[in-house]
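Only one structure is covered here, and it is reproduced in the block below.
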Amino acid sequence: MNVSPMFANMSLSLPVAKAITKMGFTTPTPIQEKAIPIILKGVDAISLAETGSGKTAAYLIPVVSHLLADSERQALILAPTRELVTQISDVVKQFTQFAQEMNFAVVIGGAPLFKQLKQLARRPRIIVATPGRLVDHLRRGSLDLKKLSHLVLDEADRMFDMGFAPQVNEVIRRIPSQRQTLLFSATFPKEIRELAGRVLRNPVEIEVRKNQLPPAVIAQKMISVTVADKNDRTLDLINAATGSVIVFTRTKHRTDRLARYLEEYGVAVTRIHGDRSQGQRNKSISGFKSGLYRVMVATDIAARGLDVSEISDVINYDIPMNAEDYIHRIGRTGRAGQEGRAMTLVTPEETHDWAHIARKMGLPLPEMAKKARQAKQHRPGRQGRFFRK
Ligand code: AMP
């Protein structure tokens, strides 16, 4: 098996290099090109990682290489959602396929404890976990991390948004201070900077992208609709799409309702939201990945983590809460450099909130928002009237 020269130059361990070839990666993505050599040096690193950038491999390639070099080493990867953990563990499986000694454990809430206990009893070399369930295991003594050598915090900002700060802090208190720590985050709010200052030692900053914009391969479009039109327009867009489609709604109820509507029109649709059981979610995701369902209707819970390469279109049935969620939602398409389309349905009621996101994304403003802005500019400001001498 020939390893592509660009990866071969990185002097990776053989099982990892073989896995890269088997996975069909020929060229490192920009974040991999920067991060892999830095992480291989053993220093702490912090990275602003764009969705779909190849960040999982950017840390797994060097971390697995380190673990292969010393059988005492152990790595913990913390991620905010069960979906993301499952997805990371799939990538771990691929990178360790030529190194049978590298057993790993998946630790997530909502999954049977028995299987996890069995995996943990075998002293896994890699643990991929959500913070809550991991802390449960640490407290009940089913997991001992005294020899941990690598800690990865993936989607750190989302972990904080979801209220996992106490659990993350508890994990950090229970692991050796002598370790390599890597932090990946889509954004760097105050809490993440504070965390980085506390748990990383002289971290190298790996920055691939300066401004928070979605990948250029994604064509973005806004479509003005009325509330009553939303279902029909969504159906039209689905019918016009060339590949799999993910549709985002604001609530669980709206997800269920839209999925039922699409089903009535013969669309092979599945749905995912926080009220569905882990079993239902897994089934939904695997059915979507295998092509059994062409369309997935989802709340934002699926915006992170879900990695299906053939998603041609993302439809925002409801506008997202903010620009960050927008980037994460539309990042489900345009994966690994492929082209994608992202359409956002905007009702008159949503125009104001959408304009806020559109401005941040550098997208054209909806006509109505433009008019409102112009009207505001022509009105004499209060300050002008009352304070001018
Ligand atoms: P991630 O940002 O880690 O979720 O990765 C996004 C997608 O890019 C996944 O489908 C990966 O399998 C794929 N990917 C990661 N690295 C490479 C690479 N060097 N070449 C091709 N595809 C890649």
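The values are calculated or read from the model by the stated rules, or taken from the named source; none is laboratory data. All values reported here derive from a predicted model rather than from experimental measurement. In this analysis, Cβ positions are derived from the backbone assuming ideal geometry, glycine residues included, and neighbour counts consider all displayed protein chains. Keep in mind that these areas ignore ligands, DNA and RNA; they rest on the heavy atoms of the full protein, side chains included. Shrake-Rupley method; radii C 1.70, N 1.55, O 1.52, S 1.80 Å.
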Any residue at all in the stretch 287-301 that's within 25 Å of residue 226 (Cα to Cα), within 14 Å of the ligand (Cβ to nearest atom) and open to solvent by less than 10 Å² (accessible area, probe 1.4 Å)? no
When the stretch 264-292 is checked residue by residue, the ones that are among the hydroxyl-bearing types (Ser, Thr, Tyr) and in contact with a Lys or Arg (Cβ under 9 Å, 6 or more places away or on another chain) are 270, 284
So which helices (runs of 4 or more DSSP H) stay within the stretch 25-138 end to end and still have 1 or more residues that are farther than 30 Å from residue 273 by Cβ and within 16 Å of the ligand (Cβ to nearest atom)? 30-40, 55-69, 82-95
Exactly one condition in (1) within 14 Å of the ligand (Cβ to nearest atom); (2) crowded, with 18+ Cβ neighbours inside 10 Å; (3) in a helix (DSSP H, G or I) is false for residue 306; which is it? (3)
Mind checking which residues of the stretch 204-219 are modelled with pLDDT under 70 and either outside any loop (DSSP other than H, G, I, E, B) or among the charged types (D, E, K, R) (or both)? 209, 210
Between 43, 64, which is at pLDDT 95 or above and open to solvent by 10 Å² or more (accessible area, probe 1.4 Å)? 43
Would you be able to say whether some residue in the stretch 264-277 is open to solvent by 40 Å² or more (accessible area, probe 1.4 Å) and in contact (Cβ under 8 Å) with a residue 40 or more places away in the chain? yes
Which one is nearest to residue 230 (Cα to Cα), of the residues in the stretch 253-263 that are of a type outside the set (Phe, Trp, Tyr) and open to solvent by less than 90 Å² (accessible area, probe 1.4 Å)? 258
